[in-house]
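Shown next, in structure tokens, is the structure this report addresses.
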Amino acid sequence: MDSDEVRREWADRSGAYSPDFYAYRGPDATSEWVRERLLEHVDRDARVLELGCSAGRHLAHLHADGFESLSGVEVNPDAVDVMAEEYPETADAATIHVDAVEDVIESVPDDAFDAVYSVEALQHVHPDAAWVFDEIVRVTETVLCTVENEGQADYSEGAPGEVTRVDGEIPLFFRDWGAVFRERGCTELREPETVNDRDTARVFGV
């Protein structure tokens, strides 16, 4: 499996782990964790980007709290339709780029966003596309938050960098995100936390 295959899988995703699947679940404890961490470092008028926003449940939580400048990148075009149906006010207010992160981020100016975050999105980036992590740091001015499975879930098997498939189909690449972003000059601003029983949540100063 190469990086193009991974992107195609998510662009065509339906059923479990699709935009409909996450929209139905709505904002959750992770949404609130992201909101709280962002507010420790930026104001509600900050330029915020979510990487892999799906149908926008985390963006919707931020929008409901008064965040004014929201953007997202999502590879699955169905997500935009689901967002318009489930979170119409967020869909109207946010700027959503329908494409893979790898195909969007190189054209984004330096320090374009005060805050960038990901929730179970970067764990799907193929090792061939690891250059995208440098780009994420480049476009982030103040704070970067990651909420990713680093290999602690029951289905976590395989070595770092090797593909693991959830339910036999969902590709994951486990990484120590603290090491990934420290190597790129970031500083962890607090101790990592576990959210939703499977993800490690980290906050980086850029």
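Each value in this text was obtained by applying a stated rule to the coordinates, not by laboratory testing. Because the structure is a prediction, the values reported are computed rather than measured. Methodologically, a virtual Cβ is constructed for each residue, glycine included, from the backbone with ideal geometry; neighbour enumeration extends over all protein chains shown.
Points to keep in mind about this one:
- Segments 124-132, 188-196, 112-120 sorted - mean Cβ within 10 Å per residue, highest first: 112-120, 124-132, 188-196
- Neighbour net charge for Arg35 - beta-carbon separation under 11 angstrom, K R +1, D E -1: -2
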